[in-house]
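Shown next, in structure tokens, is the structure this report addresses.
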Amino acid sequence: MTPVPRTRPAALLAAFVLLVAGLLTPAMSSRAHAATCGTTNLAANRPATASSTESGAFPASAAVDGDTGTRWSSQFSDPQWIQVDLGSTQAICQVVLTWETASGKAFQIQISNDAATWTSIYSTTTGPGGTQNLAVSGSGRYIRMYGTARNTGYGYSLWEFAVYGGTTGPPPPPTGGDLGSNVIVFSPTMAQSSIQATLNSISDQQVPSEFGTGRYELLFKPGTYGSAADPLIFTVGFYTAVAGLGQNPGDVVINGTVDTYNQCSGGTCNATTNFWRSLTNLTVNVMGMSGCQNGNDFWAASQAAPMRRVHFNGDVSLMDYCVGGPGYASGGFIADSQFTGGTVTNGSQQQYLTRDTALDGWSNGVWNQVFCGDPGAPAQSFATNSGHSGGPPPYTTLATCPVTKEAPYLYQDSGGNYRVFVPSLRTNSSGPTWTSGATPGSSLGLDTFYVVQPSSSVDTIDAALAAGDNLLFTPGVYQLDKTITVTRPDTQIVGLGFATLVPTAGNVAMSVADTNGVTVSGLIFDAGTTSSPSLLHVGTTPGTNHAPDPVTIDDVFFRVGGATTGTVTTPLIVDSSDTILDDTWIWRADHGVGGGSWTSDQSPTGLVVNGDRVTAYGLAVEHFQGDETVWNGRHGTVVFFQNENPYEVPSQAAWMADSTQKGYPSFYIPNSVTSFQGYGMGSYSYFNQGIDIHNAMAFQVPNTSGVQLHDILTVFLNGSGGIDSVVNGTGGAVYSGNGGPANVVTYP
């Protein structure tokens, strides 16, 4: 929505010395310096030869060029080999084979000092294909894959043949330890006046600090805070995560309210830029307010402001109708929660996703209210005249969610130890995970996590990963000169207080191998000033089946500009099949540093999905300069999609998909895709340069029965021009004379 102008945040407050005693400081676990494998690919761009090639288009060199879009492919016979000259004798500890579908079933990894006499350091007769991370041990100048049986009738085909050697780099760092000065831990034994003063001080700093560097995690130990006579009432600002430390939401109870309100500038008050804050894993008994705010908890927020595992007893408003009158809010996310004893007031909240949450009433809708697996949700009612006077509410209601996995969370066990709980995968889910007993899943001790500080080097982080550690990022802004490389299955990467990762050398900030069960949660990725190909790259081989143990991306947010000038080709690339995206906002800034300039903060596409069976809930991709979302994978599902076209398009000629198609779709599915399901998907325009800019279609998809879109819409927000159709020329135009919404109930 149209941004509310911001005043520059004041200087950060001094450190909260009085809180040091309350910091979470579990013991650190020291380890001996174990042998670790380096992170430099020794085979990269080295001379490569092969027993044969399928054709000149698939040379051996393509397997060592670092490009996952090129490959070596052999003739269709056995045996076959590909060999790399490493240039000198190397101690080899890991080989990563990234297979195309034509993979090796029986093969060896062999080393040699003269390319004549070979020694095997790995052998298998049951190669699964996909990406194979092979731990090996041996030394040699030459290394080869020697295949004797294939998984298909084709030859052997490798996208990449990577080789890693031993390193004398940093030892694996100690696990556990201090979470830093910006993780504040409250206890029921503390004086409430002290708790209130601390909360107020942090709120005063963070509420106006949209692009500041302050980051906070506010943790409440199990117990009760506030009372009817003295309620605990506080406001949550930017980059502030509030969470209970109980095993279940009922273990931490706040009698009072936890609020987010409109922000006002120039006489206009809205919540459309209330981003980057969260509320998790506690119960709020709503009480203590008076006047206009009496009887309500106000969570007037927009994107990147999730509520998870919360239980509200009493009325909750997702809009702020008190501060400056009713103001707009734009997009939100609730999951795995329960609302009792009152109604959720949607009010002017333009779009929202509520997932696996038990509801006790919902007031209304505006453009796009989506419910997935929510007992008590309003009935399906989206129609061609939803959002118009006299039309039914724009409700998209799914009885269940196809596949879900809740975000991991920090908690305190019965012995007072701090642990991270990893919930289990669910299929056809409905309702919270915790209302009928403890959430199913596994518990990990903090001694299995390297606690990352903003001063930690990437070499140290990678050493921890190589030692088998998980990562817990403490609040702060991280400047990364190299890629954090995640290869171990089921690695948990958890951010506290909206920890923010910024690449500084044109590097990818984080890459995740094509492996099972990795979770990335609670992080912001900012583009750096030197262009990166991506900020987070998940997987390498779309064909591998990870359905039993998928990668999950929870509450992870991407920015190109806003806090810092940045440029990136595609912030998020998902190559791993079966990945779950759960609450993801990918934003090219329309305000802040570099925002509002067509030539600043360059980025053509926000998201590319190449993996099959990828599922996304609460996906928002906004303001990118080309095809904003490109979905190449088969059998994908999106439940709720939010988009705004770029505001500052300088001319129609600068924004053409081809010589005749004006603009670019917010969501593009190529004709090669034959199966996809989308529910509750909206795209909006606000071309603010005073030029007649048009987008031919908001959604461009194959016209085939297997690709189905349900309850999709466009809206003209303001400005000039507009969107000429909803999908493939179907659906009415929205422009200054017809603001919309233009709705399409089902396509095709």
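Only one entry in 154, 164 is of a type outside the set (S, T, N, Q) and touching a Gly at 6+ places or on another chain (Cβ under 8 Å), namely 164.
Is it the case that some residue within segment 183-191 is over 19 Å from residue 412 (Cα atoms), surrounded by 19 or more Cβ atoms within 10 Å (Cβ to Cβ) and outside the structural domain of residue 478 (by TED's automatic domain parsing)?
For segment 183-191, residues over 19 Å from residue 412 (Cα atoms), surrounded by 19 or more Cβ atoms within 10 Å (Cβ to Cβ) and outside the structural domain of residue 478 (by TED's automatic domain parsing): absent.
Scanning segment 122-162 for residues that are β-branched (Val, Ile, Thr), at pLDDT below 95 and buried (at least 20 other Cβ atoms within 10 Å of the Cβ) yields a single hit, 131.
Before we move on, is residue 278 in the same structural domain as residue 210 (by TED's automatic domain parsing), among the polar types (S, T, N, Q) and surrounded by 24 or more Cβ atoms within 10 Å (Cβ to Cβ)? Yes. For residue 310, the criteria (1) part of a strand (DSSP E or B); (2) buried (at least 24 other Cβ atoms within 10 Å of the Cβ); (3) out of contact with any Leu (no Cβ under 8 Å at 6 or more places or on another chain); (4) of a type in the set (A, V, I, L, M, F, W, C) hold in every case but one, which is (3). Where residues in segment 726-747 are free of Cβ contacts under 8 Å to residues at least 60 places away in the same chain and touching a Ser or Thr at 6+ places or on another chain (Cβ under 8 Å), which of them is farthest from residue 650 (Cα to Cα)? This residue is 747.
In segment 666-688, of all residues being out of contact with any Asp or Glu (no Cβ under 6 Å at 6 or more places or on another chain) and not in a strand (DSSP E or B), the one that is farthest from residue 397 (Cα to Cα) corresponds to 688. Here segment 29-67 is the region considered, the condition is being among the hydroxyl-bearing types (Ser, Thr, Tyr) and modelled with pLDDT of 90 or more, and the residue that is farthest from residue 137 (Cα to Cα) is 55.
Within the set 338, 380, 350, the sole residue that is more than 27 Å from residue 746 (Cα to Cα) and not hydroxyl-bearing (Ser, Thr, Tyr) turns out to be 338.
Residue 110 passes every criterion in (1) in a strand (DSSP E or B); (2) polar (S, T, N, Q); (3) under 27 Å from residue 610 (Cβ atoms) apart from (3).
Residues checked against (1) buried (at least 24 other Cβ atoms within 10 Å of the Cβ); (2) among the β-branched types (Val, Ile, Thr); (3) within 20 Å of residue 646 (Cβ to Cβ):
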| site | (1), (2), (3) |
| --- | --- |
| 663 | yes, no, yes |
| 673 | no, yes, no |
| 689 | no, no, yes |
| 699 | yes, no, yes |
| 708 | no, no, no |
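A quick yes/no check of all residues on (1) modelled with pLDDT under 95; (2) surrounded by 24 or more Cβ atoms within 10 Å (Cβ to Cβ); (3) assigned to a strand (DSSP E or B):
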site: 217; (1), (2), (3): no, yes, yes
site: 228; (1), (2), (3): no, no, no
site: 234; (1), (2), (3): no, no, yes
site: 238; (1), (2), (3): no, yes, no
site: 246; (1), (2), (3): no, no, no
site: 250; (1), (2), (3): no, no, no
site: 264; (1), (2), (3): yes, no, yes
site: 289; (1), (2), (3): yes, no, no
site: 303; (1), (2), (3): no, yes, no
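Taking the condition out of contact with any strand residue (DSSP E or B) (no Cβ under 7 Å at 6 or more places or on another chain) and hydroxyl-bearing (Ser, Thr, Tyr), does residue 564 pass?
Against the criterion (out of contact with any strand residue (DSSP E or B) (no Cβ under 7 Å at 6 or more places or on another chain) and hydroxyl-bearing (Ser, Thr, Tyr)), residue 564 does not qualify.
Does residue 422 satisfy being assigned to a strand (DSSP E or B), touching a Ser or Thr at 6+ places or on another chain (Cβ under 7 Å) and more than 19 Å from residue 637 (Cβ to Cβ)? Answer is yes for this residue. On the stretch given as segment 68-90, residues that are closer than 21 Å to residue 138 by Cβ and modelled with pLDDT of 90 or more total 7. Among the numbered conditions (1) under 27 Å from residue 413 (Cβ atoms); (2) in contact with a Phe, Trp or Tyr (Cβ under 6 Å, 6 or more places away or on another chain), the only one that residue 473 does not meet is (2).
Considered as a group, the residues in segment 113-140 that are part of a strand (DSSP E or B) and either in contact with a Gly (Cβ under 7 Å, 6 or more places away or on another chain) or among the aromatic types (Phe, Trp, Tyr) (or both) include one that is farthest from residue 541 (Cα to Cα), and that residue is 119.
Quick grid of which residues meet (1) surrounded by fewer than 20 Cβ atoms within 10 Å (Cβ to Cβ); (2) in contact with a Leu (Cβ under 7 Å, 6 or more places away or on another chain):
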site: 345; (1), (2): yes, yes
site: 349; (1), (2): no, yes
site: 360; (1), (2): yes, no
site: 369; (1), (2): no, no
site: 376; (1), (2): yes, yes
site: 383; (1), (2): yes, no
site: 388; (1), (2): yes, no
site: 425; (1), (2): yes, no
site: 437; (1), (2): yes, no
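Residue 172 meets the conditions (1) within 32 Å of the chain's Cα centre (by Cα); (2) in the same structural domain as residue 91 (by TED's automatic domain parsing); (3) in a loop (DSSP other than H, G, I, E, B) in every case but one. The failed one is (2).
Note on segment 560-613: among residues that are among the acidic types (Asp, Glu) and more than 18 Å from residue 655 (Cβ to Cβ), the one that is surrounded by the most Cβ atoms within 10 Å (Cβ to Cβ) is 583. One residue stands out among those in segment 710-720 that are surrounded by fewer than 24 Cβ atoms within 10 Å (Cβ to Cβ) and without any contact (Cβ under 8 Å) to a residue 60 or more places away in the chain: the one that is farthest from the chain's Cα centre (by Cα), which is 720. Could you go through segment 530-548 and let me know if any residue there is among the small types (Gly, Ala, Ser), closer than 17 Å to residue 623 by Cα and without any contact (Cβ under 8 Å) to a residue 40 or more places away in the chain. Yes - at least one qualifying residue is present in segment 530-548.
For segment 478-509, the set of residues classified as over 16 Å from the mean Cα position of the chain (by Cα), farther than 21 Å from residue 570 by Cα and of a type in the set (Val, Ile, Thr) consists of 487 only. The set of residues from segment 400-419 being closer than 20 Å to residue 638 by Cα and either among the acidic types (Asp, Glu) or not in a strand (DSSP E or B) (or both) comprises 400, 406, 407. State whether one or more residues within segment 684-706 are touching a residue at least 60 places away in the same chain (Cβ under 8 Å) and either on the phi > 0 side of the Ramachandran plot or β-branched (Val, Ile, Thr) (or both). No, every residue in segment 684-706 fails to be touching a residue at least 60 places away in the same chain (Cβ under 8 Å) and either on the phi > 0 side of the Ramachandran plot or β-branched (Val, Ile, Thr) (or both).
Looking across segment 471-521, not a single residue is buried (at least 24 other Cβ atoms within 10 Å of the Cβ), in contact with a helix residue (DSSP H, G or I) (Cβ under 8 Å, 6 or more places away or on another chain) and assigned to a loop (DSSP other than H, G, I, E, B).
Look at residue 548 and say whether it is closer than 26 Å to residue 409 by Cα, of a type outside the set (Gly, Ala, Ser), over 17 Å from the mean Cα position of the chain (by Cα) and part of a loop (DSSP other than H, G, I, E, B).
yes
The values are calculated or read from the model by the stated rules, or taken from the named source; none is laboratory data. Owing to the predicted nature of the structure, the values given are computational and were not obtained by experimental measurement. Methodologically, a virtual Cβ is constructed for each residue, glycine included, from the backbone with ideal geometry; neighbour enumeration extends over all protein chains shown.
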